[in-house]
Structure formats: structure tokens, C-alpha cells
Amino acid sequence: MLRQALLSVSRNDSIRDVVSSTPISRDVVARFIAGDSMRDAVRVTGEIAGDGRLVTIDRLGEDTLDLAAAQATRDAYLALLTALDEKGLTHAAEVSVKLSAVGQALAGDGEKIAYEHAAQICERATEVGTTVTLDMEDHTTTDSTLGILRQLRADFPATGAVLQAYLHRTEADCRDLATAGSRVRLCKGAYAEPESVAYADTHEVDKAYVRCAKILLNGQGYPMLATHDPRLIAIGAALAGSAGREKKTYEFQMLFGVRPEEQSRLAAEGHRMRVYLPYGADWWGYMVRRMAEKPANLALFLRSLTSKS
Ligand code: FDA
């Protein structure tokens, strides 16, 4: 109930505008977000990479309804990739892109514009020796995002996809994408979805996650198991072992600020462990999804609104 209520608030423009204009405490920003600027993202990436973990960087922002903002997001990713290259970090860091931030939701030519912007980002990523993963948003965008992924992969085969275990369709999507060269991040799913398309029961979502992980790990692609759930991490490692996979042929992923000790433990055991690192000022949608996942984050956030720290 709380999760659904919070997620519906995330798309309420009036609430977003009021809360976003309130300065949030450095504690909340520093826990989940690298900072406001690209320089913050690159600095924190260097720290994480120095600790033996990998990174995927997300420039915060989504649901862009303005072409200039979509172009600015593309330009920010191009500058970020150049900065990662200059700092010698592209061996450890890639980028995650939300297609709705680069134009997918624009009326008329939105899909075409998003594809072109994403292709430019993929091209720069390829030039500097790294990759792009397309984040997955709510179910109304899934077909469009997978269609754009297919187009991008024709020229940039290492472009990654995200599949959400809570959607009924996802086992079939896993089978389609479990092919050689295909990078697929499997997560539970973070949006408010109707029961007609998604499992509502958390136990059903976990079972679906295991079924999907099995398909991906037994396939030919490169699975990226994105979860903080200790049971699913253990099951994922066991499934990888029984599929005969070496540790370099798949990876675990977690969000910046969530279970950092577990991240270090997995990296120390020789697993590839990638941290999803957001940066930027447009933190509202991202933070609301983190609060919906863990009510303790809501308490932390509410405290921060009343503190000046
Ligand atoms: P679950 O929510 O059951 O959490 C298991 C445990 O992990 C909790 O008990 C808690 O201890 C800890 N935990 C989980 N979330 C936490 C949080 N926010 N704060 C503190 N502790 C927390 N979703 C999506 O729809 N599209 C996408 O593109 C992505 N991309 C993505 C990338 C990466 C790298 C990750 C890790 C996740 C995503 N997600 C996502 C989000 C994902 O769908 C899901 O909402 C969260 O990962 C939470 O689900 P868990 O699998 O961690 O399990």
C-alpha cells in the first residue's frame, strides 16, 4: 500500500515541485547520489573503482517533454564519457541511460529522437572503450525500449538492456535476449504496475526472478543480476555455478548506498560487482523509488527535509 502510494506520488508534478525546491540534506544526497555535478560522478567513480568494484553512471532525469532538455541530457552523457576517458576510468565504468530522458516521451517523433540521441551516446561510449545500458521504465515503454535496443544493437552490439522480473512478459523477453553478446540486467522492477501486467505479490516476483535468472545464466549472453536480496544473490551465484559459468561471464549489480558491505564482500570473493551511481539535480523520481523499496529511506528523507545539515 505504502509502496503504491509513494510511487503514484512520484508522478505528481505539484508535490515534486514543492519538495524538489526544498534543500535536502547532504546526508541523503551523499548516501544515494554522487552529487549534483559530473565532476562528483567522476570522483566517486574513481573511489569505487579503486575499491575493486565496477560502476554504471546514471545522469538523473526522466520523462522529458522538452527537446532542448533531451539534447542537454545527451550532451551531458557525451561530456561524461569524455571525462571518464580522460581520467582513465572507462575500464571500470559504463553509463546507464533512461530513454525517456533523451526524448522517448516527446510527442510525434519521440522514439526516433530517443534512438538518435542514444546512438550518439553509444557511439562515444564505443570510441572510449565502454558500454551503455538502457534502463527500463514503466511497462508502457517496454516495447518501445526493446525496439530501440534492437536498432542500437545492430551498430553497437554491446548495448545492454534491463528486464524487470515483476512483469508477466519477462521470461519470454529473457529467452529472446539470452543470446551471444547480449548484456541483460535483471532486476525486480521499481514502478507501480497494474496486476494485469505484473505480479503484485513479492513472493511471486522473487520466484519469477529466479526463473528469469535461470534462463539468462543458462543462455549465451552476459547476465547482470541487479538485486540486494541476499537470497537471490545466493541463488544467482549457485545457478551460475551449475550453468558452468566462470565469474567473469556475469556480474552482480547494486545501487550506490545500498548494502555497501555486501558489495565489497562479493568483489573480494572475485565476483564482478557493479554499482549503479546516479548524479545530478533531478533526483525526485529516483529518490521516491528508493523510498518505496525501503520505508526506512522515507524516514531518513523526511528528517532531512526538516534539517539543515
Ligand atoms: P528488495 O526490494 O526485496 O530488497 C532486498 C533487501 O535489499 C531489502 O530488504 C533491503 O535490505 C535492501 N534494499 C533494497 N532496496 C533498498 C533501498 N532502496 N534502500 C536500502 N535498502 C534496500 N528497476 C527498474 O524498474 N528499472 C531499472 O532500470 C532498474 N535498474 C536497476 C539497476 C540496479 C543496479 C539495481 C540494483 C536496481 C535497479 N532497479 C531498476 C531497481 C529494482 O527494480 C528494485 O526496485 C530494487 O533493486 C530493489 O529490489 P531488490 O532486488 O534489491 O529486492
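Applying the selection to segment 208-218, what residues are surrounded by fewer than 21 Cβ atoms within 10 Å (Cβ to Cβ) and closer than 17 Å to residue 247 by Cβ? Within segment 208-218, 218 is the sole residue that qualifies.
Residues in segment 219-242 that are in contact with a Gly (Cβ under 9 Å, 6 or more places away or on another chain) and more than 12 Å from the ligand (Cβ to nearest atom): 220, 221, 222, 223. Residues that are modelled with pLDDT of 95 or more and touching a Cys at 6+ places or on another chain (Cβ under 8 Å) are absent from segment 229-249 altogether. Being without any contact (Cβ under 8 Å) to a residue 24 or more places away in the chain and surrounded by fewer than 19 Cβ atoms within 10 Å (Cβ to Cβ) is the requirement here; does residue 246 meet it? It is true that residue 246 is without any contact (Cβ under 8 Å) to a residue 24 or more places away in the chain and surrounded by fewer than 19 Cβ atoms within 10 Å (Cβ to Cβ). Within this structure, residue 247 fails the test of being within 14 Å of the ligand (Cβ to nearest atom) and either within 17 Å of residue 172 (Cβ to Cβ) or of a type outside the set (Phe, Trp, Tyr) (or both). Screening segment 49-67 for residues that are assigned to a loop (DSSP other than H, G, I, E, B) and within 19 Å of residue 88 (Cα to Cα) and picking the one that is most open to solvent (accessible area, probe 1.4 Å) gives 51. Residues in segment 128-154 that are out of contact with any helix residue (DSSP H, G or I) (no Cβ under 7 Å at 6 or more places or on another chain), in contact (Cβ under 8 Å) with a residue 12 or more places away in the chain and acidic (Asp, Glu): 135, 138.
The numbered conditions (1) touching a helix residue (DSSP H, G or I) at 6+ places or on another chain (Cβ under 9 Å); (2) charged (D, E, K, R); (3) within 13 Å of the ligand (Cβ to nearest atom); (4) closer than 24 Å to residue 58 by Cα are all true for residue 206 except (4). Counting only helices (runs of 4 or more DSSP H) that fall entirely inside segment 79-196 and contain at least 1 residues that are more than 25 Å from residue 240 (Cβ to Cβ), the qualifying elements are 110-127, 142-155. Please work out if residue 258 is open to solvent by less than 20 Å² (accessible area, probe 1.4 Å), of a type in the set (Val, Ile, Thr), closer than 30 Å to residue 5 by Cβ and within 9 Å of the ligand (Cβ to nearest atom). Considered against the rule, which asks whether it is open to solvent by less than 20 Å² (accessible area, probe 1.4 Å), of a type in the set (Val, Ile, Thr), closer than 30 Å to residue 5 by Cβ and within 9 Å of the ligand (Cβ to nearest atom), residue 258 comes out as no.
The values are calculated or read from the model by the stated rules, or taken from the named source; none is laboratory data. Please read these numbers as outputs of a predicted model, since none were measured by experiment. Note that each Cβ is placed from the backbone with ideal geometry, even for glycine, and that neighbours are counted across all protein chains shown. Surface areas here come from the heavy atoms of the whole protein model, side chains and all, with no ligands, DNA or RNA. Shrake-Rupley method; radii C 1.70, N 1.55, O 1.52, S 1.80 Å.
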